[in-house]
1. Do we have residue A:144 as more than 14 Å from chain C (Cβ to nearest Cβ) and in contact with a helix residue (DSSP H, G or I) (Cβ under 6 Å, 6 or more places away or on another chain) here?
2. For residue B:259, only one of the following conditions fails: (1) surrounded by fewer than 17 Cβ atoms within 10 Å (Cβ to Cβ); (2) under 30 Å from residue B:24 (Cα atoms); (3) modelled with pLDDT under 90. What is its number?
3. State which residue is nearest to residue B:209 (Cα to Cα) when the search covers only the stretch B:144-165 and only residues that are in contact with a strand residue (DSSP E or B) (Cβ under 7 Å, 6 or more places away or on another chain) and more than 10 Å from every other protein chain (Cβ to nearest Cβ).
4. Take the residues of the stretch B:116-143 that are crowded, with 22+ Cβ neighbours inside 10 Å and outside any loop (DSSP other than H, G, I, E, B): which is nearest to the other protein chains (Cβ to nearest Cβ)?
5. Specify which of the listed residues (B:85, B:78, B:113) is within 13 Å of chain A (Cβ to nearest Cβ), at pLDDT below 90 and within 24 Å of residue A:85 (Cβ to Cβ).
6. Being away from chain B (no Cβ under 14 Å) and modelled with pLDDT of 85 or more is the requirement here; does residue C:147 meet it?
7. On the basis of being within 18 Å of residue C:52 (Cβ to Cβ) and either crowded, with 21+ Cβ neighbours inside 10 Å or touching a residue at least 12 places away in the same chain (Cβ under 8 Å) (or both), does residue C:168 make the cut?
8. Residue B:196 passes all but one of (1) surrounded by fewer than 20 Cβ atoms within 10 Å (Cβ to Cβ); (2) in contact with a strand residue (DSSP E or B) (Cβ under 7 Å, 6 or more places away or on another chain); which number fails?
C-alpha cells in the first residue's frame with residue numbers, strides 16, 4: 001500500500017515540477033561552467049556541486065510546500081484523525097521528493113559529461129563528492145518537509161527560499177584555508193579542486209547530511225526532541241573527520 | 001487454552017461513553033461537563049451555531065483531546081488507550097472537508113483508506129463499494145477539482161464509510177446535497193446504522209427526524225435534551241412560527257426552556 | 001461600495017504580514033550592505049525578487065464575478081494598487097546603497113513578471129514567475145552570450161538591460177489591470 005501511495009504522490013505531487021526545476025537550474029549552471037570542466041567525470045561532478053548554491057534552496061522550498069500541503073488544503077482534521085503514524089506519511093512525502101532529486105541527479109551527471117567522452121576514470125574522491133551532493137539535496141527535502149508542517153503561511157516557502165539562497169550565495173562553501181564549519185554547506189568555495197575534496201572530508205559531510213535528513217524526517221513526524229539527535233551525531237562526525 | 005482477544009471488544013455496553021466531558025476550542029470552553037452514552041444506531045446531534053457540536057465531534061474523532069472528564073470509545077479510554085487501533089475503527093467527515101484537487105475521487109478515497117491503515121488487499125474493493133454507495137461510481141476517475149460541491153461532500157461520506165467503521169461521525173454531511181441526494185443519504189444512514197454507532201451533527205432538524213432514532217441537543221456546550229425523535233416532536237408547543245414543522249418547533253421549545261432555566 | 005470594503009478587508013488580513021515581510025527585506029538589505037563586503041548578486045537581484053514575491057500575496061483574491069460586472073472601475077483600482085506596491089517596494093530597497101540603480105531596474109522587470117504571474121497562477125504562486133526568470137539568469141551568470149541577454153539582464157550591472165526590464169514591467173501592468181489575479185483552484189467543501 002505504501003508503494004502505491006508513493007507512486008500516487010509522485011504522479012500528483014510536486015515531484016515532477018521539482019525535477020524540472022532542478023534539471024533546468026542544475027543543467028544551466030553546470031553547462032555554463034568553463035570549457036575545461038566538460039568531458040571529464042571528475043570535473044563534471046565538481047561543476048554539478050558548484051550549482052548547489054542555487055539548487056538546494058529550491059529543493060528546500062519544495063519540501064516546505066509539500067509539507068504544508070495537508071494544512072493548506074484543509075485536510076489537517078482528517079489527517080489528525082488518521083491511524084497511520086505520522087512518520088510513515090512523512091517518509092512517503094520525503095521519498096517522493098528524494099526520488100525526483102535522484103532521477104534528475106543521474107540525468108544531470110550524464111548530460112554534463114556529454115560534451116565529450118568520459119576522459120579519466122571517476123576517482124573515489126569525486127564519487128564521494130557526488131554522493132554528498134545527492135544526500136545534501138535529500139536532507140534539504142526532509143528539512144523542508146518538517147518546516148512546512150509547522151509554518152502555516154504560504155509565504156513560508158518563498159521566504160525560506162530567499163533566506164537560504166542569501167546564505168548559500170554569500171558563503172558558497174568550503175575552500176582550503178576556511179574553517180571546518182564551512183563544511184556544513186553543500187556547495188563549493190573558491191578555487192576548490194578535486195584533490196581538496198578528500199574521501200575523509202566527504203565522508204564527514206556525508207554523515208552530516210545523512211544525519212540532517214534523518215532529523216528532518218523525525219521532525220516532520222512530530223518528534224521534535226528525538227529529531228535533534230541524528231543531526232547532532234552527524235555534526236560530531238563531521239567535526240571528527242575533518243580535523 | 002489461548003483466547004485471542006480483540007483489543008476493541010467492548011468492555012462496556014456503549015460505543016461512545018462520555019462523563020463530565022469538557023473540551024476547549026481555543027481558549028473558549030466549547031463543551032461543558034457533558035455526559036452521554038450512545039450505542040449502535042443513528043443519533044442526531046442538534047444545536048444552534050456555537051453550541052459546540054463540531055468540537056464534540058472532533059473530540060469523539062480523537063482530533064482534539066478533552067481537557068476534563070472521561071471519554072470511552074468502543075470501551076477504550078480515549079485519553080490513555082492506544083489511539084492507533086481505535087482510529088482504524090472510526091470514520092470521520094469533518095465540517096470543512098479539504099481535498100487534493102489533482103487526485104481523482106478513487107485515488108483520494110484510497111489515500112484516506114491508507115491513512116486509516118486498512119489492509120492493503122481490501123482497499124480497492126472497499127473504495128469501489130464506498131463510492132458506489134454514495135452514488136459516485138461513474139465519477140470515480142474524475143479529478144476532485146472537477147466535482148461539484150455536493151459531489152465532493154459525497155466523496156467525504158465515502159471516505160468516512162470506506163473502512164466499515166464501528167463509530168461513524170458525520171459533521172454537516174448533507175451540506176450542498178440536493179433533496180434527492182439527501183433522501184439517498186438518509187437511506188444510507190439507516191443501512192449503516194444497523195451495526196454502527198453513527199453520530200450526525202447538523203442544523204437540519206428534518207434530516208435528524210427522518211433518519212435518526214434519537215437526538216442529542218446542545219446549546220452553548222451544555223446538554224439540553226437527550227431522547228427519541230418522538231419525544232423531540234412531543235416537546236413542540238403552539239408558540240413559534242406556523243410554517244415550522246413539529247420537529248423544528250419541538251427543537252425551539254426545548255432550547256427556549258433550557259435558556260430560561262439557565263437564565264441566559 | 002460593500003465590494004470595495006470586502007476587498008479591503010481581505011487585503012487587510014494579508015497586508016500586515018506582507019508589510020512585516022517587506023520590512024524584513026529592507027532590514028536584511030541594509031545589514032548586508034553594511035556588514036558583508038562582497039554581496040554579489042544578493043542586493044540587486046534577491047532583494048527586489050523577495051519584495052515582489054511578497055507583494056504578490058497581497059494582490060489577489062478579489063471576487064471575479066464582481067470584477068466582470070464593473071471592468072473599468074476595477075482596472076483603475078488595480079492600477080492604483082500596483083502603483084502603491086511599486087512605491088512601497090522601492091522604499092524598502094532604499095538601503096541598497098550603491099546597488100540601487102540595478103535594484104530599481106530589477107524591481108521594475110521582476111515586478112512585471114510577478115504581475116504576469118498573478119494573472120496566470122494567482123496570488124499564492126505568482127512568485128514562481130519572477131523567481132524562475134531570475135534564477136535562470138543567475139544560473140547562466142553575467143556576461144553571457146548576447147542571445148541570452150533577455151534572460152540575464154537581472155544579473156547585469158545597473159545601466160544595462162533597462163529595455164527588457166521596462167518591457168516586462170509594461171506587459172505586467174497591462175495584463176494585471178486588464179485581467180486581474182487568477183483565483184486559485186477550490187479545495188474545500
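1. Numbers: more than 14 Å from chain C (Cβ to nearest Cβ): yes; in contact with a helix residue (DSSP H, G or I) (Cβ under 6 Å, 6 or more places away or on another chain): yes.
Here the answer is yes, as residue A:144 does meet what is asked.
2. Failing condition for residue B:259: (3).
3. Once the filter is applied, the top-ranked residue is B:157.
4. Here is the first cut: in the stretch B:116-143, the ones crowded, with 22+ Cβ neighbours inside 10 Å are B:116, B:127, B:130-131, B:134.
From what's left, outside any loop (DSSP other than H, G, I, E, B): B:127, B:130-131.
Details: B:127: 12, B:130: 15, B:131: 16 Å.
For the stretch B:116-143, the residue satisfying everything is B:127.
5. On the way: B:85 fails: at pLDDT below 90; B:113 fails: at pLDDT below 90.
Being within 13 Å of chain A (Cβ to nearest Cβ), at pLDDT below 90 and within 24 Å of residue A:85 (Cβ to Cβ) holds for just one of B:85, B:78, B:113, which is B:78.
6. Numbers: away from chain B (no Cβ under 14 Å): yes; modelled with pLDDT of 85 or more: no.
For residue C:147, the condition - away from chain B (no Cβ under 14 Å) and modelled with pLDDT of 85 or more - is not met.
7. Working: within 18 Å of residue C:52 (Cβ to Cβ): yes; either crowded, with 21+ Cβ neighbours inside 10 Å or touching a residue at least 12 places away in the same chain (Cβ under 8 Å) (or both): yes.
Yes, satisfied.
8. Result: residue B:196 passes all but (1).
The values are calculated or read from the model by the stated rules, or taken from the named source; none is laboratory data. All figures in this text were calculated on a predicted structure; none of them were measured in a lab. So basically every Cβ, Gly included, is an ideal-geometry build from the backbone, and we count neighbours across all protein chains shown.
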